[in-house]
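Working notes for the structure below.
Where a number appears in this text, it was derived from the coordinates with a stated rule and is not lab data. Given the structure is predicted, the values throughout are model-derived calculations rather than measurements. Every residue, glycine among them, receives a Cβ derived from its backbone with ideal geometry; neighbour counts consider all protein chains shown.
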Amino acid sequence: MAQHEASTTIQLPDQFIAAQEVHLHYIVSERRLAENSVAAYAADTTLFLHFLHRRGENSLDAVTLPTIHAFLDYCRREKQVGKRSNARRISALKSFYNLLLREKLVADNPFATVDLPRSGRSLPKALSQREVEALLVPPTVATPIACRNHTMLYLLYATGLRVSELVNLPLAGCNLAGGFVRILGKGNKERLVPFAGGAREKIEGYLQSARPQLLKGKRSNDLFVTRLGRRMTRLRFWQIAKESARAAGIDREISPHMLRHSFASHLLSHGADLRSVQMMLGHSDIATTQIYTHIDQERLKSVHKKFHPRG
């Protein structure tokens, strides 16, 4: 929770602590949010409560619109966050106060009339098909590490998984015979994502040779393991993706999430229907998936402008 500056030496008022505990129980036990979402919600509410406490405002019922505007200004100036981060923060605090209303811990929701900042939605960055092909060229020296890295990148593009879903994928979650992975995604929602023969061959090769060499006789329930026999971390895989891109001659910064974006945009550009892509990505709202249709539209505009004589 690096975004907030809560100090263990600061003792918050009892009302604040009780509100935090109720909220945490709600997002973990009732909404069953993913770990990253829980951390983000907790960070937003904690940042707000410490802001109130430093101003000497120690009642959740005493929060006014000027207080909220001062908080958002503080986030922009001191925390150097943009409109999108503040929009997420407002949404989180609206939800926080709605819960407190439900539990009769406050009399009203001061965030109810606060509008979300207009930030405009940026298009997700995707790799071109040529860049993907370069990235997924098999390693010239097939060490266990190289084989694992190549398999992870290949499976990420083949399925469009989130990075956290990939590194946490259990061995039992990969069904080679059926050609699908079973994913427990955001909000503990389960989905099945298919993969084709190419991904199956990569996984089989990794399981037969590379994984046993990495485990060195140890046991693990995780599909992808490190040389110490442990689960791969998101940060380490982020580094692997960047290193692999440089080695493939891709001269721009990439992230593992760009392979998820590429999976979706390439499927849609080749005629896949939006609903199927939504299900494979695990989006709860199809509007989230629709953003990928704009990537192809922007590409067409670029081609038209470049090649049309009166573009």
Considering the alpha-carbon set of the stretch 129-307 alone, what are its Rg and its Dmax in angstrom? 16.7, 59
Too long for a 25 Å Cα-Cα cut-off, among Lys202/Lys242; Lys218/Lys242; Lys189/Lys216, are Lys218/Lys242; Lys189/Lys216
Name the long-range amide H neighbours of Phe180: under 5 Å, sequence gap of 5 or more, or other chain; modelled H, no Pro or chain starts. Asn175, Phe195
Thinking of the chain as a set of Cα atoms, what percent of all their pairs are more than 27 Å apart? 55
As a footprinting exposure proxy, order Glu57, Glu190 by other Cβ within 10 Å, with the fewest listed first. Glu190, Glu57
In the chain, helical segments from DSSP H whose Cα atoms cover 24 Å or more along their own axis and that average at least 1.0 on the Kyte-Doolittle scale are none
Computed helical MRE - 222 nm, the chain, DSSP H runs ≥ 4 contributing -39500 (n - 2.57), nearest 500: -16500 deg cm²/dmol
Mean projected area (nm²) of the alpha-carbon convex hull when the stretch 134-187 is viewed from all directions: 4.5
Quick P(r) readout (the stretch 14-102; Cα-Cα; 10 Å bins; whole %) gives 15, 53, 30, 2
For the stretch 175-189, just list the computed ³J(HN,Hα) in residue order, Karplus coefficients 6.51, -1.76 and 1.60, θ = phi - 60°, integers in Hz, with x standing in for Gly and Pro. 9, 5, 5, x, x, 8, 10, 9, 10, 9, x, 4, x, 6, 8
